[in-house]
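To keep things clear, I will list the structure first and then write my remarks on it.
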Amino acid sequence: MTKATLESVAFLFPGQGSQTVGMGKELAAMYPVAQETFDEADAALGYELSQVCWEGPEDKLKLTEITQPAILTASVAAFRVLESMGYLPSYVAGHSLGEYSAHVAAGTLSFSDAVKTVRNRGKYMQEAVPVGVGAMAAILALPLATLEEVCREAAQGEVCEPANINSDGQVVISGNKAAVERAAELAKQKGAKRSVMLPVSAPFHCSLMQPAQDRLATDLKALTFNPMECPLVTNVDSQLIQSPEQARDALIRQVTGAVQWEKSMRVLIGKGVHTFIEVGPGKVLSGLLRQIDRAQTSLNVEDDASLQKAVNHFAGASTAQ
């Protein structure tokens with residue numbers, strides 16, 4: 001099959017929270033390259049990750065050191081099906097963990113290295129802060145500048161920081177549990193539409209994750225980063241990169257840094273991207289894109305029906321040109 005880069009198309013890769021029992025199962029049953037991806041993950045990790053993805057139990061799939069390689073594997077399996085059909089993106093980006101999936105798609109990291117690294121990333125993140133000490137909350141419809149003030153006021157000597165700047169209307173904060181709870185309450189008083197404590201096992205993307213970042217840095221420095229086959233927008237800086245050194249540095253700093261998702265999407269839109277394909281489980285990123293810019297076309301690929309819809313869209317776009 002001839003591979004062709006899709007003009008003005010970005011592939012987006014989801015992060016933690018998008019996992020569902022059964023993800024990737026249909027694609028693996030229908031497309032050998034997807035089955036091979038799950039087989040490769042099982043071999044790299046030394047246990048049957050595929051069975052946890054497809055059969056559960058959900059509680060096991062929610063454990064962060066399983067969730068992270070599971071979402072990466074389901075996402076790369078979907079990407080490889082698209083690739084095998086000849087579809088390649090102009091740009092890639094991934095939300096948090098999804099940045100690793102994006103690097104596999106861009107050829108920066110081998111899949112085997114990536115799946116082992118994110119297993120450790122999940123483990124290091126969980127071990128950085130004892131369970132119950134940290135928390136995260138989603139704050140809806142409060143300006144970022146106001147929320148930053150809220151975090152400073154609520155911290156009281158503890159950590160409370162914006163962690164995922166997802167869209168104008170949705171920012172996730174992270175830090176010590178009591179500080180995040182204070183901030184969630186204060187945000188409502190300052191006019192937030194809603195403040196929702198999130199069911200997460202650790203306070204991701206804040207300075208409490210420094211021990212995890214230090215451990216992961218050692219792992220990433222030992223890995224081979226290859227020349228990138230397409231540009232990627234980093235979470236931590238919302239900048240387009242295309243060098244292996246920049247890729248490694250951004251993945252290290254990403255552990256404690258905020259995910260600049262809204263800015264990242266605006267960078268891609270500014271580059272002329274008008275079609276965004278969420279590659280992997282769920283439609284979280286498609287939902288965020290609608291909040292950021294409703295004029296953009298957003299599709300997802302997680303099973304055969306969504307794959308065929310995307311393929312039909314590509315076919316229609318090419319005949320329209």
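Within segment 250-268, being crowded, with 18+ Cβ neighbours inside 10 Å and farther than 17 Å from ALA163 by Cα holds for VAL267, LEU268. If you scan segment 118-151, which residues turn out to be polar (S, T, N, Q) and either modelled with pLDDT under 95 or surrounded by 23 or more Cβ atoms within 10 Å (Cβ to Cβ) (or both)? Of everything in segment 118-151, just one residue is polar (S, T, N, Q) and either modelled with pLDDT under 95 or surrounded by 23 or more Cβ atoms within 10 Å (Cβ to Cβ) (or both), namely GLN126. When the helices (runs of 4 or more DSSP H) confined to segment 219-312 are screened for residues that are among the polar types (S, T, N, Q), those reaching at least 2 such residues are found at 284-292.
For segment 4-61, the helices (runs of 4 or more DSSP H) that sit wholly inside it and include 3 or more residues that are open to solvent by 50 Å² or more (accessible area, probe 1.4 Å) are 25-30, 32-45, 58-61. Scan segment 51-70 and tell me whether some residue there is polar (S, T, N, Q), touching a Leu at 6+ places or on another chain (Cβ under 7 Å), under 25 Å from ILE241 (Cβ atoms) and without any contact (Cβ under 8 Å) to a residue 60 or more places away in the chain. Within segment 51-70 (the criterion being polar (S, T, N, Q), touching a Leu at 6+ places or on another chain (Cβ under 7 Å), under 25 Å from ILE241 (Cβ atoms) and without any contact (Cβ under 8 Å) to a residue 60 or more places away in the chain), the answer is yes, since at least one residue qualifies.
Tell me whether segment 75-98 contains one or more residues that are under 13 Å from the mean Cα position of the chain (by Cα), over 17 Å from GLY24 (Cβ atoms) and surrounded by fewer than 24 Cβ atoms within 10 Å (Cβ to Cβ). Looking through segment 75-98, at least one residue is under 13 Å from the mean Cα position of the chain (by Cα), over 17 Å from GLY24 (Cβ atoms) and surrounded by fewer than 24 Cβ atoms within 10 Å (Cβ to Cβ). Restricting attention to segment 187-201, the residues that are without any contact (Cβ under 8 Å) to a residue 60 or more places away in the chain and out of contact with any Ser or Thr (no Cβ under 9 Å at 6 or more places or on another chain) add up to 6. Within segment 84-110, the residues that satisfy the criterion of being assigned to a loop (DSSP other than H, G, I, E, B), farther than 17 Å from THR67 by Cβ and in contact with a strand residue (DSSP E or B) (Cβ under 8 Å, 6 or more places away or on another chain) are GLY86, PRO89, SER90, ALA106, THR108. Tell me yes or no: at least one residue of segment 221-236 is out of contact with any Cys (no Cβ under 6 Å at 6 or more places or on another chain), surrounded by 15 or more Cβ atoms within 10 Å (Cβ to Cβ) and small (Gly, Ala, Ser). Checked against the condition, which is being out of contact with any Cys (no Cβ under 6 Å at 6 or more places or on another chain), surrounded by 15 or more Cβ atoms within 10 Å (Cβ to Cβ) and small (Gly, Ala, Ser), segment 221-236 yields no hits at all.
Residue-by-condition table, conditions (1) outside any helix (DSSP H, G or I); (2) on the phi > 0 side of the Ramachandran plot:
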| position | (1), (2) |
| --- | --- |
| SER112 | no, no |
| THR117 | no, no |
| ARG121 | no, no |
| GLY132 | yes, yes |
| ALA138 | yes, no |
| LEU142 | yes, no |
| CYS151 | no, no |
| GLU158 | yes, no |
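Among the residues in segment 53-69, are any within 19 Å of GLU40 (Cα to Cα) and touching an Asp or Glu at 6+ places or on another chain (Cβ under 7 Å)? Checked segment 53-69: no residue is within 19 Å of GLU40 (Cα to Cα) and touching an Asp or Glu at 6+ places or on another chain (Cβ under 7 Å). Against the definition (more than 21 Å from GLY94 (Cα to Cα) and either surrounded by 19 or more Cβ atoms within 10 Å (Cβ to Cβ) or more than 20 Å from the chain's Cα centre (by Cα) (or both)), how does ALA70 come out, yes or no? The answer is no for ALA70.
Taking segment 197-220 on its own, how many of its residues are surrounded by fewer than 21 Cβ atoms within 10 Å (Cβ to Cβ) and at pLDDT below 95? Going through segment 197-220 one residue at a time, the tally reaches 5. The residue pairs whose first member lies in segment 254-272 and is touching a residue at least 24 places away in the same chain (Cβ under 8 Å), whose second member is outside any loop (DSSP other than H, G, I, E, B) and polar (S, T, N, Q), and whose beta carbons are closer than 6 Å, counting only pairs six or more residues apart or on different chains, are VAL255/GLN213; THR256/SER207; THR256/GLN210; THR256/GLN213; VAL259/ASN164; TRP261/ASN166; GLU262/SER167.
The values are calculated or read from the model by the stated rules, or taken from the named source; none is laboratory data. As the structure is a computational prediction, the values presented were derived from the model and not from experiment. For neighbour counting, all protein chains shown are included, and Cβ atoms are generated from backbone atoms with ideal geometry for every residue, glycine included. Protein only, heavy atoms only, side chains kept; ligands, DNA and RNA dropped before computing areas. Shrake-Rupley method; radii C 1.70, N 1.55, O 1.52, S 1.80 Å.
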